[in-house]
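Q: One structure coming up, written as structure tokens, with questions to follow.
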Amino acid sequence: MKKLKLNLPKFFFLFLVLLVTAGFLEIIQDFLLAIFWGVVLAILFRSSYLKILEKTGNKPNLSAGITVTLIILLGILPITGAVLALVYQVDDLIEVPDDKIDKSFDDRVEEMRDQLPIEKSTLKALGFGKKKTRKKVEKAIENLVDTMINYVFSLTQNIFSFVGNFFLTIYLLYFFLRDGHLMIRDLMMIIPMDDKLERELFFRFESVTKATIRGSLVVAVCQGFAGGLIFWILGIEGVAIWTILMVLTSLLPVGSALVWVPWVCVFFVNGEIAKAFILLFVGTAFIGLIDNILQPRLVGKNTKMPDYMILLSTLGGLAYFGLSGFVIGPVFAALFISCWQIMGKKYGNLGTSEDITD
């Protein structure tokens, strides 16, 4: 009873700390992804900040401001401008006079009906007359476009929250660059763990974050250029535009299929069956597999995680967190493995990795 009296204030205070922490996380839950990306960007550009800090004579405020400004000017603004330019160029590329569109569309529908090994009278009886077939094809295309647009918008919830989180990320990035080392020091003092174990977990978080970002960018570029090459071979106009679009969409959960799958449909509608099957085969068997083959190897090499764990954590992260999951998934997987390995070494019979290998 006496022991319980002595420990009761500790238990109560621990419960209060957990309760307040849970309440605070509930309050800021809509901004957790902005905080996460602020931390990620701070990790990626930490070395650049330190170089600028050295050149400015150890002035952290000025160095952090210069680093954030350079990130915006050399990274974010060019990417945003390129995306907007692509939108206008794609619009110009596909813009065709209405009379040509209507005439071409009617001709294509008629050609499709002619290629079917069924009599026109039978098709009409089944509800596939010329006018009804046109309406059904138009409806299918509209549904496909609506589905793609809704999916893209669902990635960011809405434009206002996306813009708000973007500016919050940039704002937090400044403080993470300037005070990041102090925040880590304070965390190490607060968390009731051995400093060596804490440093190991921080190192794992940093290494996995860097490897995942770099690996994803390499995969996106490879997929984009592979898609651009097959587009050039098939004689599709505006190869440069489609290549850049495939690089950008490769970072999304669905990937470059957002670009090449509609072109497969276009080839089928235009009666270019051979091109449609070639693009479908290359897109499925080559472009689509680049992500599954390269990313586990590129990321796993630097994070020391097996290929299957990288693949599972990436797919799970994308399914649960959306676009941000391609980083969050592998980071959680690395921390999961690290925590169990540390527990095995400290409290179990698990030896070092060198002992296991030997």
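The values are calculated or read from the model by the stated rules, or taken from the named source; none is laboratory data. Since the model is a prediction, treat every value here as computed from it, not as a measurement. We place every Cβ from the backbone using ideal geometry, glycine too, and count neighbours over all the protein chains shown. What goes into the accessible areas is simple: the full protein's heavy atoms, side chains included, and nothing from ligands, DNA or RNA. Shrake-Rupley method; radii C 1.70, N 1.55, O 1.52, S 1.80 Å.
Q: Quick one: which of Ile190, Ile170 is under 24 Å from the mean Cα position of the chain (by Cα), among the β-branched types (Val, Ile, Thr) and over 30 Å from Trp263 (Cβ atoms)?
A: Going through Ile190, Ile170 in turn, the sole match is Ile170.
Q: Any chance the stretch 180-190 includes a residue that's over 21 Å from Ala333 (Cα atoms), touching a residue at least 60 places away in the same chain (Cβ under 8 Å) and assigned to a helix (DSSP H, G or I)?
A: Within the stretch 180-190 (the criterion being over 21 Å from Ala333 (Cα atoms), touching a residue at least 60 places away in the same chain (Cβ under 8 Å) and assigned to a helix (DSSP H, G or I)), the answer is yes, since at least one residue qualifies.
Q: Right, something else. For Val83, indicate whether it is modelled with pLDDT of 80 or more, within 28 Å of the chain's Cα centre (by Cα) and among the β-branched types (Val, Ile, Thr).
A: Judged against the criteria, Val83 is not a match.
Q: If a residue must be open to solvent by 20 Å² or more (accessible area, probe 1.4 Å) and modelled with pLDDT of 80 or more, how many such residues does the stretch 322-340 contain?
A: Of the residues in the stretch 322-340, 6 are open to solvent by 20 Å² or more (accessible area, probe 1.4 Å) and modelled with pLDDT of 80 or more.
Q: Kindly check whether there is at least one residue in the stretch 280-296 that is under 30 Å from Thr169 (Cα atoms), at pLDDT 80 or above and either surrounded by fewer than 20 Cβ atoms within 10 Å (Cβ to Cβ) or in contact with a Leu (Cβ under 8 Å, 6 or more places away or on another chain) (or both).
A: no
Q: Taking Ile236, is it assigned to a loop (DSSP other than H, G, I, E, B), more than 20 Å from Gly322 (Cα to Cα), free of Cβ contacts under 8 Å to residues at least 60 places away in the same chain and of a type in the set (A, V, I, L, M)?
A: For Ile236, the condition - assigned to a loop (DSSP other than H, G, I, E, B), more than 20 Å from Gly322 (Cα to Cα), free of Cβ contacts under 8 Å to residues at least 60 places away in the same chain and of a type in the set (A, V, I, L, M) - is met.
Q: Does Lys3 satisfy the condition of being open to solvent by 60 Å² or more (accessible area, probe 1.4 Å) and either at pLDDT 85 or above or under 30 Å from Ile241 (Cα atoms) (or both)?
A: no
Q: Next question, about the same structure. Give the residue that is modelled with the lowest pLDDT, with candidates limited to residues of the stretch 8-39 that are of a type outside the set (A, V, I, L, M, F, W, C) and surrounded by 11 or more Cβ atoms within 10 Å (Cβ to Cβ).
A: Looking at the filtered set, the residue picked out is Asp30.
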